[in-house]
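A short worksheet on the structure shown next.
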Amino acid sequence: MLTTLLSFQEGWLFLYANNHKKEEMLFSKTLLLQETANHRLLVLLKDVARLFGEYHDGILFIPNYFSKTLLANYANLSIRTFNTLCSEWMEAGQLVFDDEPLTL
């Protein structure tokens, strides 16, 4: 099949490669949904922090337009589970919620 695609224009090869990347991303997201809630939320916060976060004095801040509800929905968690996990991390000093951006 790859030989057939290579015989076509470059656009088809790009489409094949792009589609393959999207399928890998979808597969990894599907596998993530089978993980525990704790792991899913941790991966979500790391991804959001990597893409949108900012470092200040060695502390990572997630912008405050990411609400708890939005993050919980994205991680496929109930608000109650999200708050429970966040409370555990807050007690351990690993996470801070305030009126400012989310602090990791």
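A compact table of results
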read-out: Neighbours by Cβ (under 9 Å, 6+ apart or cross-chain): first from the stretch 26-45, of a type in the set (D, E, K, R); second surrounded by 12 or more Cβ atoms within 10 Å (Cβ to Cβ) and not in a helix (DSSP H, G or I); value: 40/75; 40/76; 40/77
read-out: Any pair with Cβ under 9 angstrom, 6 or more apart, that starts in the stretch 57-81 at a residue that is within 20 Å of residue 93 (Cβ to Cβ) and ends at one that is among the β-branched types (Val, Ile, Thr) and surrounded by fewer than 14 Cβ atoms within 10 Å (Cβ to Cβ); value: 68/79
read-out: Of all residues making up the stretch 39-68, the number that are surrounded by 14 or more Cβ atoms within 10 Å (Cβ to Cβ) and not in a helix (DSSP H, G or I); value: 5
read-out: So residue 36, is it at pLDDT 85 or above, out of contact with any strand residue (DSSP E or B) (no Cβ under 9 Å at 6 or more places or on another chain) and surrounded by 13 or more Cβ atoms within 10 Å (Cβ to Cβ); value: no
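The values are calculated or read from the model by the stated rules, or taken from the named source; none is laboratory data. Small disclaimer: the values here were computed from a predicted structure and weren't measured. Neighbour counts are summed over all protein chains in view; Cβ atoms, including those assigned to glycine, are modelled from backbone coordinates with ideal geometry.
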